[in-house]
2 protein chains.
Amino acid sequence: MTRTRIGICAPSTPIYPEEVEQLITLAAASHPDAELVFHEQCFAIAGHFAGEDDLRSAAFVELANDPTLDAIWFARGGYGAARIADTILERLTPAAGNKLYMGYSDGGNLLGALYKSGIGTQAHGPMPVDIRRDNGDIAVRRALDWLVDRNPAALESHVQPNQSYAAFNLMTLAMMVGTPLLPDLRGHILMIEEIAEYLYAFDRALFNVTSHLADAGLSGLYLGRVSDVPENNRPFGEEVEEIVSRWCEHTNIPYLGRADIGHDMENKIVPFGKLSD
Amino acid sequence: MTRTRIGICAPSTPIYPEEVEQLITLAAASHPDAELVFHEQCFAIAGHFAGEDDLRSAAFVELANDPTLDAIWFARGGYGAARIADTILERLTPAAGNKLYMGYSDGGNLLGALYKSGIGTQAHGPMPVDIRRDNGDIAVRRALDWLVDRNPAALESHVQPNQSYAAFNLMTLAMMVGTPLLPDLRGHILMIEEIAEYLYAFDRALFNVTSHLADAGLSGLYLGRVSDVPENNRPFGEEVEEIVSRWCEHTNIPYLGRADIGHDMENKIVPFGKLSD
């Protein structure tokens, strides 16, 4: 039996040590050929972050450069990856190129930067922290289905061979566009999702992102779920799909409909680039 | 006596009709040579906005192109100006160039776009809606001191002749950088302020803005007030000035210290460009 060794570190915010046992038990039952290798840094705390910038980047580099690991799985999002992405990239060795990197939300900063640099393969998909959700075990198993088996049943249903994709949390993407972390998205279908933003902030982020990407040569855009929208003191006046399709029309980006991604247990896998890569 | 006629419209969100009387009474007492001309559109409501995009842009264009007005004052921020800035610019006539435009917060989208287009002069300063604040009358009078008299006592104290400035709400700027609304800031001193953002979101917005502006040739950056920061479930671990000076150092933008602007009644005037313009 070939074992798949998955290194887990936390480029953004920490998880709890007691979650490790849950995750290892789950993986042992559903994916006995997987080995979850948790870096101690997953549990470090420095204010908002899973340790200071130096600690987080060192843990990532250590795992990424470890030739005995097959994949790097980001423990959790929450903000922090953008602060270390540049220092990580310059310290990666060829061993980092033979890996799959997976996460979402703030982890999109690293997915984007690694994809841009052509280092390994990347997928937008559930993270270890999703074990906290109701039925979160389903999300974690789906992640393992991709990390370990590349099981196509884990994929977002619109993902087709020979088409390039990228997927991001909208606010994360809004803060990436125009920075050195953003990959070239020419010919790509982009999927976005959002959580916990007022609709005016969602609209504003789309102004930003679609303005930036108007001339980026996107093949189209799918909208994932937009969840936990806070109530404002007055209704915004448009639904999320109206907002997205309006900005897409304004910037000549083909709007393609809804995608099955989001900050929830249904979050499906979206590999970056082409499936055949 | 030369009267200064100030046209007031709401490119973003509405004010209440009952605030007009307060503002007119205040202006009559302190600036009898000022005439406040409120456009009916200030009170329109369409979901989040002070009327639909078409109504808001039409009101702005009508006032801006009115040769009998000396200034355009944005009634209130709140989001909406970015949706209409491009359609406004293309409909302005030479009369729009003989005016001072003033506002802040979401109004920065229009200040930036007008400055970029070389249409009129612009100033970051209090708005009619500030009458709602405790001692808001002081902020409104300060705005009139600049709108009517160009009284230098109204200026932010760091503003010097022969130096170019621009001032923005940070989140507004984060959503403008890289869009067609952002002016060329080469040689400018930039002042920023923020309200009601988590410190992680403040840090993230600075990652975005300083990455964008690293090569923009800024002469320096001042930090205004950062107010109403929501409490997160854990402390961020850095104070606002540490955050700003760190990102400035990372991107070689000279950090110059604190500025006297913010979402409050102390908000001082920052003219765009050079004072002598």
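Numbers below:
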{"read-out": "Interatomic Cα distance distribution for the stretch A:85-171, bins of 10 angstrom, percent", "value": "16, 45, 33, 6"}
{"read-out": "Helix-derived mean residue ellipticity, 222 nm - over the protein assembly as shown, DSSP H n ≥ 4, -39500 (n - 2.57), to 500", "value": "-9500 deg cm²/dmol"}
{"read-out": "Degrees separating the helix A:17-30 axis from the principal Cα axis of chain A, which is the longest one", "value": "90"}
{"read-out": "Cβ nearest the rotation axis (B onto A), residue from chain B and distance to the nearest whole Å", "value": "B:Gly178, 2"}
{"read-out": "Binned Cα-Cα distances of the protein assembly as shown, short to long, each 10 Å bin given as a whole percent", "value": "4, 18, 27, 23, 15, 9, 4, 1, 0, 0"}
{"read-out": "Mean separation of Cα contacts under 8 Å (6+ apart) over length of the stretch A:119-159, as relative contact order %", "value": "26"}
{"read-out": "B:Ser164 accessible area, assembled protein chains, probe 1.4 Å, Å²", "value": "20"}
{"read-out": "Most to least accessible of B:His48, B:His158 (protein chains only, probe 1.4 Å)", "value": "B:His158, B:His48"}
{"read-out": "Neighbourhood charge, 12 Å Cβ-Cβ cut-off, centred on B:Gly224 and excluding it, Lys, Arg +1 and Asp, Glu -1", "value": "-4"}
{"read-out": "Sequence of A:Phe38, B:Phe74 from largest to smallest accessible area, 1.4 Å probe", "value": "A:Phe38, B:Phe74"}
{"read-out": "Volume of the Cα convex hull of the stretch B:168-230, divided per residue and given in Å³", "value": "67"}
{"read-out": "Local electrostatic count, A:Tyr16, Cβ distance below 15 Å [Lys/Arg +1, Asp/Glu -1]", "value": "-1"}
{"read-out": "Per residue solvent-accessible surface (Å²) - chain A, probe of 1.4 Å", "value": "37"}
{"read-out": "Separation between Cα centres of the stretch B:164-187 and the stretch B:258-274, rounded to whole Å", "value": "15"}
{"read-out": "Label-point separation, A:Lys274 to B:Lys274 (7 Å along Cα→Cβ), nm", "value": "5.5"}
{"read-out": "Spatially proximal lysines relative to B:Lys99 (Cα-Cα < 25 Å; intrachain offsets below 8 disregarded)", "value": "B:Lys116, B:Lys268, B:Lys274"}
{"read-out": "Net charge contributed by nearby residues that have their C-beta within less than 10 Å of A:Ala205 (K/R +1, D/E -1)", "value": "-2"}
{"read-out": "Buried area at the B-A interface (accessible, heavy atoms, 1.4 Å probe, summed, Å²)", "value": "3000"}
{"read-out": "Point-to-point label distance, B:Ala29-A:Arg186, nm (Cα→Cβ direction, 7 Å offset)", "value": "6.4"}
{"read-out": "C-alpha long axis of helix B:108-117 to longest principal axis of chain B, angle in °", "value": "80"}
{"read-out": "Fluctuation leader among B:Gly257, B:Gly47, B:Gly77 - chain B, Gaussian network, Cα springs under 10 angstrom", "value": "B:Gly47"}
{"read-out": "Most fluctuating residue given options A:Thr121, A:Thr25, A:Thr13, as computed from a GNM of chain A linking Cα atoms under 10 Å", "value": "A:Thr25"}
{"read-out": "Distance in nm between pseudo-label sites at B:Gln160 and B:Gln22 (7 Å out along the Cβ direction from Cα)", "value": "3.9"}
{"read-out": "Relative contact order for chain B, counting Cα pairs under 8 Å that sit 6 or more residues apart, in percent", "value": "18"}
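The values are calculated or read from the model by the stated rules, or taken from the named source; none is laboratory data. Values in this document were obtained by computation on a predicted structure and should not be read as measured data. Backbone-built Cβ (ideal geometry, glycine too); neighbour counts: all protein chains shown. We work out accessible area using only protein heavy atoms, side chains counted, and drop any ligands, DNA or RNA first. Shrake-Rupley method; radii C 1.70, N 1.55, O 1.52, S 1.80 Å.
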